[in-house]
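The structure under discussion appears below in the form of structure tokens.
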Amino acid sequence: MNQTCSHIKNIQPVTPSGNGCEECLKMGDHWVHLRLCETCGHVGCCDNSKNKHATKHYHQTGHPIIKSFEPGEDWGWCYEDEIYIEELPVNVGDYHH
Ligand SMILES: [Zn+2]
Ligand SMILES: [Zn+2]
Ligand SMILES: [Zn+2]
């Protein structure tokens, strides 16, 4: 339970690719929640969405950390370590304003 994530210290503030899941927008499909890739700014849909583009993005790129792209949510997830991060320690929340 006391695992730590070695990837957190490498992430930088990113610019989100858009206000919706890139792939779903192209397909004209819908999503439930959005996740932001903390490596490149890719916005993808969550695992409750049928297309799961955030997880697919990780498998395609190996970018390990995502952050919730929902307003007021600061938690993150590292796919590689399978760690829930209660509050990501870098200031990446500016895009809400
Ligand atoms: Zn990690
Ligand atoms: Zn999607
Ligand atoms: Zn990425």
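Bear in mind that the values in this text are calculations on the coordinates, not laboratory data. This is a predicted model, so every value here is computed, not measured. All Cβ positions, glycine included, derive from the backbone under ideal geometry; neighbour counts span all protein chains shown.
Values computed for the structure shown
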{"item": "Every residue from region 15-25 that is among the hydrophobic types (A, V, I, L, M, F, W, C) and over 12 Å from the mean Cα position of the chain (by Cα)", "result": "Cys24, Leu25"}
{"item": "Of the criteria (1) within 13 Å of ligand 3 (Cβ to nearest atom); (2) within 20 Å of Trp75 (Cβ to Cβ), which one His59 fails", "result": "(2)"}
{"item": "Residue match in region 56-71 (condition: surrounded by 14 or more Cβ atoms within 10 Å (Cβ to Cβ), of a type in the set (Phe, Trp, Tyr) and either in contact (Cβ under 8 Å) with a residue 24 or more places away in the chain or more than 21 Å from Ile85 (Cα to Cα) (or both))", "result": "yes"}
{"item": "Residue under evaluation Pro71, criteria (1) within 8 Å of ligand 2 (Cβ to nearest atom); (2) over 23 Å from Ser6 (Cα atoms), criterion not met", "result": "(1)"}
{"item": "Residue among Glu38, Glu70 that is among the charged types (D, E, K, R), away from ligand 3 (no atom under 15 Å from the Cβ) and in contact with a strand residue (DSSP E or B) (Cβ under 7 Å, 6 or more places away or on another chain)", "result": "Glu70"}
{"item": "Test: Glu22 is free of Cβ contacts under 8 Å to residues at least 40 places away in the same chain, of a type in the set (Asp, Glu), surrounded by fewer than 19 Cβ atoms within 10 Å (Cβ to Cβ) and within 11 Å of ligand 3 (Cβ to nearest atom)", "result": "yes"}
{"item": "Within region 5-19, tally of residues that are surrounded by 10 or more Cβ atoms within 10 Å (Cβ to Cβ) and away from ligand 3 (no atom under 13 Å from the Cβ)", "result": "6"}
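Okay, residues lined up against (1) within 15 Å of ligand 1 (Cβ to nearest atom); (2) over 11 Å from the mean Cα position of the chain (by Cα):
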site	(1), (2)
Met27	no, yes
His33	no, no
Cys40	no, no
Lys50	no, yes
Thr61	yes, yes
Ser68	no, no
Glu73	no, yes
